[in-house]
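The values are calculated or read from the model by the stated rules, or taken from the named source; none is laboratory data. What you see is a predicted model; the values in this text were computed from it and never measured. Using ideal geometry, Cβ is built from the backbone for each residue, glycine included, and neighbour counts are taken over all protein chains shown.
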Amino acid sequence: MENYIVSARKYRPSTFESVVGQRALTTTLKNAIATQKLAHAYLFCGPRGVGKTTCARIFAKTINCMTPTADGEACNECESCVAFNEQRSYNIHELDAASNNSVDDIRQLVEQVRIPPQIGKYKVYIIDEVHMLSASAFNAFLKTLEEPPRHAIFILATTEKHKILPTILSRCQIYDFNRISVEDTVEHLSYVASKERITAEPEALNVIALKADGGMRDALSIFDQVVSFTGGNITYKSVIENLNVLDYDYYFRLTDYFLENKVSDALLLFNDVLNKGFDGSHFITGLSSHLRDLLVSKDTATISLLEVGASIRQHYQEQAQKCSLPFLYRAMKLCNDCDLNYRTSKNKRLLVELTLIQVAQLTTEGDDVIGGRSPKKTLNPVFTQPAVVQQPRVVSASPAQQNVVHSAQSPVATQVPVNAAVVPQTHASTATSANPMTSVSTSGSQGAGASPAIREEKKIPVMKMSSLGVSIKRPQREQVAQNSTTTPTANIQVQPEEDLIFNDRDLNYYWQEYAGQLPKEQVAIAKRMQGLRPVLIGNSTSFEVVVDNEIAAKDFTALIPKMQDYLRKRLKNSKVQMTVRVSAPTETVRAVGRVEKFQLMAQKNEALMQLKDEFGLELY
Ligand SMILES: [Zn+2]
């Protein structure tokens, strides 16, 4: 029985010419050898399995070859070459820094460096994964790297260039190895297949190349794996089964469903995929890639970015013609959002399903799609309930409506925890947008204040959905649901609302928060605000700000509408009222500063002053 050699080793390139996918780089190396312009140290950077060590070995063999060929390759016949090919040459030393990274390992290497070669001209030291060397090992190595003997050449290889010390980088000639393109990988795999008398469908090899993600070594090991699985007849079907790759066909079908707004079919397809043992995350990233591939297929300028085989390429181009650009942009955005939220989601399946529903509805939104705005967070046709969540935003312009919303009592609201409270947030944005008094000068800060609320609001549909137990198998409800969103007053239960109670401390906290975020131009009023302490009066939703002169009173009165809006929103209470009063002559208005406070205390207790002096404390 003959010995089995893995393809990655058996088909390891032995000449620069046969290195796959690194043409520019191998040409440069060959030229350097031909013109005798050799550096003492090289750094080969690049992802794993793209040929760094292989090139280093070919390089070592070639510079020691006694009779190099006309095109600058090693002859593979001279004594040195034979020794190299039989792996018994003393002119090449390989150190794997991942496992030999101590100072002693490096010292040993440095000792060896001194000894000149017996046959050939150069001794080549390949240090693999050089970024793994310890700091002290690096230092021990630096001296040798600086003044190596004439016969020594170092080739350092790393997958993580950024981890290499600048002192090393500056002493090396740097070569960046590329990921090997899918096309090159496929070509090499078919070459190996033909050598091994294996039949392989091009699409199958393409899947292997994609899976290997630019690494030839990985591609060849996957290839071996598939060969042993299929017994020498590699088909597309067998490869996707064996590699747990989701068939392109699923995504093509799914995209058709999206374009035809077939929500139920999309959900059933997802169910099918889950039943096959794929997880949702895998599915959604695959969908993102598919949409991206469709996008690049639309334009002849970007079609080269599509890394698929010829027959599937055709399919992509056909489907791409059916998709509008805004649809693709928005679908990609939705899938990407889903991907980002996937890890933290408690109900992952629902998250994916919601995304599918949203994408399947993109083309129903008519003008919006053409407008190309960012995806709406709405879920219209299938569910009736989300319309409720959206409703207060629709009516926000009308103060009358606003009152209706406020006065509605809800039995649910009391159970809603403060942070997740849907209602006051919604209300708050209502109040903000309903306010006609937003002046130009502070509109910036207003916007900043409103944004957290809007962000929280975005979560609402998801949160609500999960608690509703909605049936998604009833597309006939679509019509009804759509009507209900376009006419906000129809058959809608008003969103639960309740004002939260608050105390002086809460009030002061948000008062200071408001002052703290005022823009620079308003530093004067901000400072004054920070020196004041609003006090709750009467019914405990009204508060009073006491100032010491008429001018200040005027300034603060002008501030009332915006301040009220802000505090209503932050305190989640719609009834917050602010009044301004000029102080009586005897009243102390200013809050005492820290320095003043200390002085007052020190007047009462001399020891405090001593303490300050003793320790050389300073007051700020
Ligand atoms: Zn030779």
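Taking residues in region 568-587 that are under 13 Å from TRP511 (Cα atoms), and partners anywhere that are among the charged types (D, E, K, R) and surrounded by 15 or more Cβ atoms within 10 Å (Cβ to Cβ), the pairs with Cβ atoms closer than 8 Å and at least 6 places apart or on different chains are LEU571/ASP506; VAL576/ARG568.
Might you check whether a residue that is within 16 Å of the ligand (Cβ to nearest atom) and exposed (fewer than 14 other Cβ atoms within 10 Å of the Cβ) occurs anywhere in region 119-141? Yes, some residue in region 119-141 is within 16 Å of the ligand (Cβ to nearest atom) and exposed (fewer than 14 other Cβ atoms within 10 Å of the Cβ). Of the listed requirements (1) part of a helix (DSSP H, G or I); (2) under 24 Å from GLU203 (Cα atoms), PHE258 misses just one: (2). Within region 310-356, if we keep just the residues that are more than 17 Å from GLY286 (Cα to Cα) and among the polar types (S, T, N, Q), the residue that is modelled with the lowest pLDDT turns out to be SER311. Annotation note: Cβ proximity below 8 Å between a residue of region 530-548 that is among the hydroxyl-bearing types (Ser, Thr, Tyr) and a residue that is assigned to a strand (DSSP E or B) (sequence gap 6+ or interchain) occurs for THR541/GLN577; SER542/LEU536; SER542/GLN577; SER542/MET578; SER542/THR579.
Residue under question is ASN85, and the condition is that it be within 26 Å of GLU147 (Cβ to Cβ) and in contact (Cβ under 8 Å) with a residue 24 or more places away in the chain; does it hold?
Working: within 26 Å of GLU147 (Cβ to Cβ): no; in contact (Cβ under 8 Å) with a residue 24 or more places away in the chain: yes.
No; evaluated as a whole, the condition is false for this residue.
Here ASN76 meets each of (1) surrounded by 21 or more Cβ atoms within 10 Å (Cβ to Cβ); (2) within 13 Å of the ligand (Cβ to nearest atom); (3) touching a residue at least 60 places away in the same chain (Cβ under 8 Å) with one exception, condition (1). Within region 295-330, the set of residues being farther than 30 Å from ILE180 by Cβ and of a type in the set (A, V, I, L, M) comprises LEU325 only.
Within region 91-101, which residues are outside any strand (DSSP E or B), touching a helix residue (DSSP H, G or I) at 6+ places or on another chain (Cβ under 8 Å) and more than 15 Å from the ligand (Cβ to nearest atom)? Answer for region 91-101, where residues must be outside any strand (DSSP E or B), touching a helix residue (DSSP H, G or I) at 6+ places or on another chain (Cβ under 8 Å) and more than 15 Å from the ligand (Cβ to nearest atom): ALA97, ALA98, ASN101.
Of all residues in region 12-61, which are aliphatic (A, V, I, L, M) and assigned to a loop (DSSP other than H, G, I, E, B)? Step through it out loud before you land on a result.
If we filter region 12-61 for residues that are aliphatic (A, V, I, L, M), which is where we start, we get 19-20, 24-25, 29, 32-34, 38-39, 41, 43, 50, 56, 58, 60.
Selection gives VAL19, VAL20, LEU38, ALA39, VAL50.
Residues in region 273-287 that are under 25 Å from the mean Cα position of the chain (by Cα) and surrounded by fewer than 18 Cβ atoms within 10 Å (Cβ to Cβ): 6 in all.
Mind listing whichever residues of region 507-529 are in contact (Cβ under 8 Å) with a residue 40 or more places away in the chain and out of contact with any strand residue (DSSP E or B) (no Cβ under 9 Å at 6 or more places or on another chain)? First the steps, then the outcome.
Looking only at region 507-529, we keep the residues that are in contact (Cβ under 8 Å) with a residue 40 or more places away in the chain, and these are 507, 510-511, 513-514, 517-519, 521-522.
The answer is TYR510, GLU513, TYR514, GLN517, LEU518, PRO519, GLU521, GLN522.
Is region 99-114 home to any residue that is among the charged types (D, E, K, R) and modelled with pLDDT of 90 or more? No, that holds for no residue. Pairing residues of region 52-67 that are under 25 Å from ARG179 (Cβ atoms) and at pLDDT 95 or above with residues that are among the basic types (Lys, Arg) and away from the ligand (no atom under 14 Å from the Cβ), at Cβ distances under 6 Å and at least 6 apart in sequence or on separate chains, gives no pairs at all.
Is it true that CYS81 is outside any helix (DSSP H, G or I) and within 16 Å of the ligand (Cβ to nearest atom)? Lay out the reasoning, then the answer.
On the way: outside any helix (DSSP H, G or I): no; within 16 Å of the ligand (Cβ to nearest atom): yes.
No.
The number of residues in region 173-195 being under 17 Å from PRO13 (Cα atoms), of a type in the set (Val, Ile, Thr) and within 33 Å of the chain's Cα centre (by Cα) comes to 3.
Taking interchain pairs and intrachain pairs at least six residues apart, which have beta carbon atoms under 9 angstrom, with the first residue in region 589-611 and under 23 Å from ASN549 (Cα atoms) and outside the structural domain of VAL547 (by TED's automatic domain parsing) and the second surrounded by fewer than 12 Cβ atoms within 10 Å (Cβ to Cβ) and modelled with pLDDT of 70 or more? Matching pairs, first to second residue: VAL592/LEU600.
Counting just the residues of region 243-272 that are touching a Pro at 6+ places or on another chain (Cβ under 9 Å) and not charged (D, E, K, R), which one comes out surrounded by the fewest Cβ atoms within 10 Å (Cβ to Cβ)? Across region 243-272, the extreme among qualifying residues is SER264. The single condition among (1) part of a helix (DSSP H, G or I); (2) touching a helix residue (DSSP H, G or I) at 6+ places or on another chain (Cβ under 9 Å); (3) closer than 30 Å to ILE198 by Cα that GLN314 does not meet is (2). Hey, does region 58-70 have a residue that's more than 8 Å from the ligand (Cβ to nearest atom) and touching a strand residue (DSSP E or B) at 6+ places or on another chain (Cβ under 6 Å)? Yes; the residues of region 58-70 include at least one that is more than 8 Å from the ligand (Cβ to nearest atom) and touching a strand residue (DSSP E or B) at 6+ places or on another chain (Cβ under 6 Å).
Answer yes or no: is there a residue in region 104-118 that is within 15 Å of the ligand (Cβ to nearest atom) and either within 24 Å of TYR175 (Cα to Cα) or part of a loop (DSSP other than H, G, I, E, B) (or both).
At the first step, the residues of region 104-118 found to be within 15 Å of the ligand (Cβ to nearest atom) are 117.
Now restrict to residues that are either within 24 Å of TYR175 (Cα to Cα) or part of a loop (DSSP other than H, G, I, E, B) (or both): 117.
The answer is yes; a qualifying residue exists.
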